[in-house]
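The block underneath contains the structure these notes are about, expressed in structure tokens.
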Amino acid sequence: MAPASTIEVEWFALRDALDNVQIEEMLRLGVDGDLILYGVAVGVTRVSFDAWGTYQPDEFGERAMIVAVRRGGLDLETPDPIGATLYGDLADLAAVAIEPPHRAAVRLGLVSIGGCIEPRLLSPRRVDVRSVLAWLRAGGEGLGVIDPEGAAAELLGVRELRFHDVALAHAVNDAIRASLHLPMLVVAERAAA
């Protein structure tokens, strides 16, 4: 049996420390109860957020809900998005600040989005995109953006993204445009005629 990874050890420790006070706090935030039951919303603890989009446990930091980000494979595409979200491989942990504006960050920097989608080639359906907290409130349906800049690369190729937050839509749109590095098109003078 392979040794547990750092995030698996942290996940188990948070689940072991989960109590009714934490559950009530997550439910007050509107988190879907099934996501707490299945260990997606893991617990509430104190963390420090850094400038690089990651967080560290910190007994003096701000209160944050920890979220397990699971995948059905190497990326966010899988034939069973909800199954992978609930039971997939633990890819990273995310922290969502309890107090507004509910900023989010990941533990190891390995993911930018919570949730999974059906393979793009098989399903041209629109994909719902929300903040991580709104995604937890929606029962894990669609995707929950943790980091708009990192999410830009993962969202390329999805035909239609339906955002439930205007500011998040602008942030992801700006990140996608910045990541494309479109060439400048110049027409030679002779070809202009």
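The values are calculated or read from the model by the stated rules, or taken from the named source; none is laboratory data. This one's a predicted model, so the numbers in the text were calculated from it and none came from an experiment. Ideal geometry is used to build each Cβ from the backbone, glycine not excepted, and the neighbour counts take in all protein chains shown.
Residues in the range 139-157 that are surrounded by fewer than 18 Cβ atoms within 10 Å (Cβ to Cβ), at negative phi and outside any helix (DSSP H, G or I): Glu141, Leu156.
Hey, any hits in the range 103-118 for a residue that's within 13 Å of the chain's Cα centre (by Cα) and either modelled with pLDDT under 90 or over 28 Å from Ser48 (Cα atoms) (or both)? Yes - at least one qualifying residue is present in the range 103-118. For the criterion of being modelled with pLDDT under 95 and outside any loop (DSSP other than H, G, I, E, B), Ala169 fails.
From Val31, Val44, which residue is in contact with a helix residue (DSSP H, G or I) (Cβ under 8 Å, 6 or more places away or on another chain), under 15 Å from Ala68 (Cα atoms), part of a loop (DSSP other than H, G, I, E, B) and of a type in the set (Val, Ile, Thr)?
The unique qualifying residue is Val31.
Evaluate the range 73-87: report whether one residue or more is in a strand (DSSP E or B), modelled with pLDDT under 95 and surrounded by fewer than 19 Cβ atoms within 10 Å (Cβ to Cβ). Among the residues of the range 73-87, not one is in a strand (DSSP E or B), modelled with pLDDT under 95 and surrounded by fewer than 19 Cβ atoms within 10 Å (Cβ to Cβ), which makes the answer no.
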